[in-house]
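Structure first, then comments.
The values are calculated or read from the model by the stated rules, or taken from the named source; none is laboratory data. The model shown is predicted, which means the values in this text are computed figures rather than measured ones. Positions of Cβ are generated from backbone atoms using ideal geometry, with glycine treated the same way; all protein chains shown enter the neighbour counts. When the accessible area is computed, the model is the full protein with side chains, heavy atoms only, and any ligands, DNA or RNA have been set aside. Shrake-Rupley method; radii C 1.70, N 1.55, O 1.52, S 1.80 Å.
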Amino acid sequence: MAGQEEWAWILYLWGCLMSDAVVLHEKLGSTHLLTINRPKALNALNAEVIAALDAGLDLVEADPDARALILTGAGKAFVAGADIAQMRDLTPDQAEAFAAQGQRLADRMAAMSVATIAAVGGFALGGGCELAMACDILLGGEAAKFGQPEVNLGVIPGFGGTQRLVRRVGLSVALDLCLTGRIIDADEALRIGLLSRKVSGDVLEAARGVADEIAVKGPVAIRLCKRALHENADSPLASGLAAERKLFAACFETSDQKEGMAAFLERRKANFTGR
Ligand code: CAA
């Protein structure tokens with residue numbers, strides 16, 4: 001028989017099927033879950049979805065107890081890309097504004113103070129792959145598929161794909177994926193370093209597990225660790241190390257550092273407050 005938690009999930013998934021909202025928001029303990037909910041269009045990103053995701057991020061940022069954010073898609077896709085029907089008649093100026101909107105959303109995801117986890121159960125193509133890559137941890141299920149197939153449409157990635165892919169997987173693999181537009185499975189995505197982990201069971205459950213794991217760490221450390229990595233991934237080693245030293249030092253101004261080290265030495269669990 002299903003336990004209380006399983007029932008909550010069944011009800012949540014039922015709610016996804018029944019709701020008209022293009023992005024669903026749910027809070028599960030200290031974890032926020034945003035589900036892109038346009039399953040009939042494979043969760044393609046149009047202006048409405050992007051605005052709703054932005055609003056979802058506002059909720060997470062306003063919550064002092066938030067510790068993680070999971071981003072996922074309803075139905076068989078994570079996100080099959082930017083909405084082609086909406087893009088078809090864009091002028092160059094409108095296309096630039098649309099790309100700026102998508103890039104700003106991806107930048108905002110990457111800069112969130114809490115850990116962000118993409119739970120990819122199906123297609124993560126084009127803008128979907130770009131959004132997943134803006135998350136800190138990218139989990140892919142058995143059926144996950146990734147790609148930057150924009151060249152098939154006569155365009156290039158516009159929500160950061162050429163830039164984030166090259167940083168995740170290196171120039172030769174990024175050029176292969178962007179120039180051929182080929183779609184890869186979770187095994188290949190893991191092998192090339194696009195995926196953080198491949199998950200054999202339910203990808204959302206796995207994402208919740210990762211979120212729970214992170215939720216008990218020091219929140220300030222999570223925030224500063226993210227900054228050290230995201231803000232310095234492209235820096236020369238010396239300036240990256242200098243930034244790391246400053247952020248490391250900043251940890252020693254916090255109660256979390258005192259509590260974390262005291263708890264270790266007293267052989268007890270740390271009770272972090274995020275201060
Ligand atoms: N935009 C708008 N609608 C989309 C879509 C997209 N990106 N992807 C899928 N859909 C719609 C389809 O048009 C279809 O709608 P209808 O039922 O009304 O015809 C519905 O979703 C289901 O799609 P399919 O019937 O095609 O499903 P499938 O299982 O046969 O194929 C797929 C799945 C391989 C993902 C295929 O849908 C596909 O190739 N989609 C487009 C992928 C793509 O090119 N993405 C990049 C978009 S451009 C971009 O993202 C630019 C950027 O960087 C900002």
Exercise. Please name whichever of Gly56, Gly121, Ala221 sits farthest to the positive end of the charge dipole of the chain, dipole taken about the Cα centre and charges placed at Cβ: Lys and Arg +1, Asp and Glu -1.
Key: Ala221
Quiz item: Once you put a point 7 Å from the Cα of Leu59 and another 7 Å from the Cα of Arg104, both along the Cβ direction, what distance in nm separates them?
Solution: 2.1 nm
Practice problem: Calculate for the chain the 222 nm mean residue ellipticity that helices alone would give, adding -39,500 (n - 2.57) per DSSP H run of length 4 or more and normalising by residue count, nearest 500 deg cm²/dmol. | Solution: -15500 deg cm²/dmol
Quiz item: Can you give me the pair-distance distribution of the range 129-194, C-alpha pairs, 10 Å bins, whole percents?
Solution: 22, 61, 17, 0
Self-check item: Distance from the range 205-255 to the range 57-97 (C-alpha centre basis), Å
Solution: 25 Å
Quiz prompt | Highest average packing first - 111-120, 33-42, Cβ atoms within 10 Å | solution = 111-120, 33-42
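Return a whole-number percent for the relative contact order of the range 4-215, with Cα pairs under 8 Å and 6 or more residues apart as the contact set. Kindly include the intermediate steps, with their values, before the conclusion.
On the way: 405 pairs, mean separation 39.7, N = 212.
Once divided by the residue count of the range 4-215, the mean separation gives 19 percent.
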Quiz prompt | Sites Ser255 and Arg197, calculated FRET efficiency, Cβ-Cβ separation with R0 30 Å, nearest 0.05 | solution = 0.45
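The range 196-275: which GluC sites (Glu not before Pro) are DSSP loop and have at most 13 other beta-carbon atoms within 10 angstrom?
Numbers: sites: Glu205, Glu213, Glu231, Glu244, Glu253, Glu259, Glu266; in loops: Glu253, Glu266.
Those that pass, being in a loop and sparsely packed, are Glu253, Glu266.
Magnitude of the Cβ-charge dipole of the range 4-215, K/R +1 and D/E -1, about the Cα centre, nearest 20 debye?
Working: 17 positive and 27 negative charges, 104 e Å.
Once rounded to the nearest 20, the dipole reads 500 debye.
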Quiz item: So what's the net charge close to Gly161: Lys and Arg +1, Asp and Glu -1, counting the other residues with Cβ under 12 Å from its Cβ?
Solution: +1
Practice problem: List the extent of the Cα atoms of the range 116-275 along each of their three principal axes, largest first, rounded to whole Å. | Solution: 58, 39, 22
Quiz item: Restricting to the chain, what percent of DSSP beta bridges are antiparallel, rounded to 5?
Solution: 25 percent
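What value in Å³ per residue do you get for the convex hull of the alpha-carbon atoms in the range 146-232? Kindly include the intermediate steps, with their values, before the conclusion.
Numbers: hull volume 10.2 nm³, N = 87.
Given the Cα convex hull of the range 146-232, per-residue volume reads 117 Å³.
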Quiz item: So what's the range 219-265 giving for Cα Rg divided by 2.2 N^0.38 Å, two decimals?
Solution: 1.26
Quiz prompt | ³J(HN,Hα) computed for each position of the range 75-80 - Karplus, 6.51 cos²θ - 1.76 cosθ + 1.60, integer Hz, glycine/proline x | solution = x, 7, 10, 6, 7, 8
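Between the DSSP loop rule and a limit of at most 12 other Cβ atoms within 10 Å, which chymotrypsin sites (Phe, Trp or Tyr not before Pro) in the range 176-265 are left?
On the way: sites: Phe248, Phe252, Phe264; in loops: Phe252.
Loop-located and lightly packed - Phe252.
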Practice problem: Subtract the Cα-Cα distance of Glu48 and Ala85 from 0.36 nm times their separation in residues, and report this length gain in nm to one decimal. | Solution: 12.0 nm
Self-check item: Under the span-like rule (Cα at least 27 Å along the axis, Kyte-Doolittle mean at least 0.0), DSSP H helices of the chain
Solution: none
Exercise. Tally up the carbon and sulfur contribution to the accessible surface of the range 4-215 as a whole percent, 1.4 Å probe, everything protein left in place.
Key: 57 percent
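Hey, what's the Cα Rg ratio for the chain versus the globular rule of thumb, 2.2 N^0.38 Å? Kindly include the intermediate steps, with their values, before the conclusion.
On the way: Rg = 19.2 Å, N = 275, 2.2 N^0.38 = 18.6 Å.
In units of the globular-protein estimate, the chain measures up at 1.03.
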Exercise. May I ask you to evaluate 6.51 cos²θ - 1.76 cosθ + 1.60, the Karplus curve with θ = phi - 60°, for each residue of the range 269-275 and list the ³J(HN,Hα) values in order in whole Hz, giving x for glycine and proline?
Key: 6, 6, 10, 7, 10, x, 10
Exercise. Identify all lysines with a Cα-Cα distance to Lys217 below 30 Å; exclude those on the same chain that are fewer than 8 residues away in sequence.
Key: Lys27, Lys198, Lys226, Lys246, Lys258, Lys269
